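Contents: one structure, followed by commentary.
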Number of protein chains: 2
Amino acid sequence: MNSRPEFGKVVVFGVGLIGGSFALGLKAAAQVGEVVGFGRSLVTLTEALHLGIIDRVGANPGQEVVDADLVLIATPVGQMPEIMSRIAPYLGPQTVVTDGGSTKADVVAAAREHFGAKVGQFVPAHPIAGAENSGAAAARADLYRDKKVVLTPVSENSAHNVARVRRAWELCGAQVHELSSSEHDRVFAAVSHLPHLLSFALVHDLAVRENSELFFSFAASGFRDFTRIAASHPEMWRDICLANRVALVEELDRYRAQLDELRDALQKDDGAALEKTFDVARTARRAWAEGKAK
Amino acid sequence: MNSRPEFGKVVVFGVGLIGGSFALGLKAAAQVGEVVGFGRSLVTLTEALHLGIIDRVGANPGQEVVDADLVLIATPVGQMPEIMSRIAPYLGPQTVVTDGGSTKADVVAAAREHFGAKVGQFVPAHPIAGAENSGAAAARADLYRDKKVVLTPVSENSAHNVARVRRAWELCGAQVHELSSSEHDRVFAAVSHLPHLLSFALVHDLAVRENSELFFSFAASGFRDFTRIAASHPEMWRDICLANRVALVEELDRYRAQLDELRDALQKDDGAALEKTFDVARTARRAWAEGKAK
């Protein structure tokens, strides 16, 4: 390639599935000069180096970000404030920063606090791509291909910085959307965080019974699908639920009101009410699945 | 084959997926002489005849059951009382009757009412085998292979009659278990009926919002799995929920109490309580999946 890559130097904090796939995606697009990796585990960093995900292991975050074009913070959300505060003083004027966190209002609040006057250089992102595996070895150049990435720009972001971050995710193959951070958190509370909570709750409720084996022994395919997400990572989901607890409690309360209505219908033997609810749900679920299949 | 089949004449009411697969299973085992089918749809009966599921379409239920060895009532539960009352006066002393209903206490109550003194000839059954498709064309000889069938014998059943019905399901390849009808209904309220209700409720709650498209557009794989059963048949699930509403309301109340605890933990920022619940659930879900895989 003769032309200069669009991102000369990229620094990635957290070189697991999310960060590693981002680096590989940019490399596959041949639009990155050098990738420098940071992480808490030397084993993971060494693995990422050997897999060609990163070109170098960074020693000093401040020194590395000063001439970076792009920084991705792909650690668990709980570790982001510390990283933000460490790099903030050293960000060059050309550097844009993005992240890979599943919740956004809390990340934006941390960014305002720790980036301060430089918060305009931070364009928050949530890539909607997970996988059953994690870690550098699970990273793939095509993880984000045709997947959604939601940007939740802050008012201080310049159009230029938003466009740079959008471009980086698009180079990885993603379909980039924009929402406000509160819209984002409300939507994901409803379609992701609440279903996880409900699935964990169902399995927990069975598991704590004295005769739980009897119940589990007759569970079949409907149970299997409904509870697949109850095998998700407890610490990660604890953090997501707490980070988004305001929106999640609102969604949970809506849902509890819905369950109260269904309970009433059962008590009153109101088959018409049950059937109407089930029918609306089935129609919507089928339309959604057909839309996905397109 | 030189020996006489174990079941000379079998009468099946409802020749769709459940009844048709039962007939095909017995035929595959070469342990049935003749299968006579009844149903509400002439189209389905003709199809079942052409597919070799049944050998003859019955004209008069009473005439056919008098010399039958085995009768399967595989209609929706709502149609069972009428069939029971029509055949009860004509059941020969050798005839055993079973069914394919998803709920059992209500079927047993109907059987007591309509079979009267002959209720000992009725051995209730619930085959745990569904499929996305229904109808005679979906019937398969191996539908029940390695699937569970739960018998819920009544006190009037002789050991001989229970053994006959057990044998018929085993010839279809099923693993036969026995529970009381109330145990059965409690277990399936928890592991099947409640998850369906919860999944329908989640999708309905999203579908009725003004901005439902925004929510559905960001729903991903966790949502897909959790809501797969919300595409189930509304009328069928209305009937199951109503038929088992006592146990279902009990399970729903347990579950609502569980949600109240999780809501408290969220409100109190109690990460330890959330993580513990999630961890117990994950451990149990994984153990269940590993047990299934064996």
*Quick check: anything in segment A:35-55 under 22 Å from A:V154 (Cα atoms), in contact with a Gly (Cβ under 8 Å, 6 or more places away or on another chain) and surrounded by fewer than 19 Cβ atoms within 10 Å (Cβ to Cβ)?*
no
*asked:* Against the condition charged (D, E, K, R) and either within 14 Å of chain A (Cβ to nearest Cβ) or more than 15 Å from the chain's Cα centre (by Cα) (or both), how does B:D99 come out, does it pass?
replied: no
*Scan segment A:266-275 for residues that are within 8 Å of chain B (Cβ to nearest Cβ) and either surrounded by fewer than 17 Cβ atoms within 10 Å (Cβ to Cβ) or touching a residue at least 24 places away in the same chain (Cβ under 8 Å) (or both) and jot them down.*
A:Q267, A:D269, A:G271
*Odd one out for A:S192, checked against (1) surrounded by fewer than 16 Cβ atoms within 10 Å (Cβ to Cβ); (2) among the polar types (S, T, N, Q); (3) in a helix (DSSP H, G or I)*: (1)
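Okay, residues lined up against (1) more than 16 Å from the chain's Cα centre (by Cα); (2) away from every other protein chain (no Cβ under 14 Å):
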site	(1), (2)
B:S158	yes, yes
B:A163	yes, yes
B:W169	no, yes
B:C172	no, yes
B:Q175	no, no
B:S180	no, no
B:D185	no, no
B:A190	no, no
B:P195	no, no
*asked:* Condition (residue is facing chain B (nearest Cβ under 7 Å) and in contact (Cβ under 8 Å) with a residue 40 or more places away in the chain) applied to segment A:225-237: is it met by at least one residue?
replied: yes
*From the set of residues in segment B:59-110 that are of a type in the set (A, V, I, L, M, F, W, C) and out of contact with any strand residue (DSSP E or B) (no Cβ under 8 Å at 6 or more places or on another chain), which is modelled with the lowest pLDDT?*
B:V77
*Look at B:R263 and say whether it is surrounded by fewer than 23 Cβ atoms within 10 Å (Cβ to Cβ), under 17 Å from A:V208 (Cβ atoms) and more than 18 Å from the chain's Cα centre (by Cα).*
no
*Considering each residue of segment B:99-112, count those that are buried (at least 24 other Cβ atoms within 10 Å of the Cβ) and either of a type outside the set (G, A, S) or more than 27 Å from B:R245 (Cα to Cα) (or both), and give that number.*
4
_Given (1) more than 7 Å from chain A (Cβ to nearest Cβ); (2) surrounded by 22 or more Cβ atoms within 10 Å (Cβ to Cβ); (3) free of Cβ contacts under 8 Å to residues at least 40 places away in the same chain, identify the lone condition not met by B:S199._
(1)
*If we only count helices (runs of 4 or more DSSP H) wholly inside segment B:7-83, which ones have 2 or more residues that are assigned by TED's automatic domain parsing to the domain that holds B:D142 and under 21 Å from the mean Cα position of the chain (by Cα)?*
B:17-28, B:42-50
*What number goes with the only condition from (1) surrounded by fewer than 19 Cβ atoms within 10 Å (Cβ to Cβ); (2) of a type outside the set (G, A, S); (3) assigned to a helix (DSSP H, G or I); (4) more than 7 Å from every other protein chain (Cβ to nearest Cβ) that B:R286 does not pass?*
(4)
_Any hit, segment B:159-173, residues being crowded, with 24+ Cβ neighbours inside 10 Å, outside the structural domain of B:P93 (by TED's automatic domain parsing), modelled with pLDDT of 95 or more and among the aliphatic types (A, V, I, L, M)_ = no
*asked:* Can you pull out every residue in segment A:202-249 that is of a type in the set (S, T, Y) and crowded, with 19+ Cβ neighbours inside 10 Å?
replied: A:T227, A:S232
*asked:* Show me the strands (runs of 3 or more DSSP E) entirely contained within segment B:87-151 in which 1 or more residues are touching a residue at least 60 places away in the same chain (Cβ under 8 Å), out of contact with any Pro (no Cβ under 7 Å at 6 or more places or on another chain) and not small (G, A, S).
replied: B:96-99, B:125-127
*Scanning for something in contact with a Phe, Trp or Tyr (Cβ under 8 Å, 6 or more places away or on another chain), facing chain B (nearest Cβ under 7 Å) and touching a residue at least 24 places away in the same chain (Cβ under 8 Å), does segment A:239-251 turn up at least one residue?*
no
*at pLDDT 95 or above, at the interface with another protein chain (Cβ under 7 Å from one of its Cβ atoms) and closer than 29 Å to A:D239 by Cβ: does that describe B:R209?*
no
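The values are calculated or read from the model by the stated rules, or taken from the named source; none is laboratory data. Since we're looking at a predicted model, the values are computed, not measured. Reconstructed Cβ throughout: ideal geometry from the backbone, glycine too, with neighbour counts over all protein chains shown.
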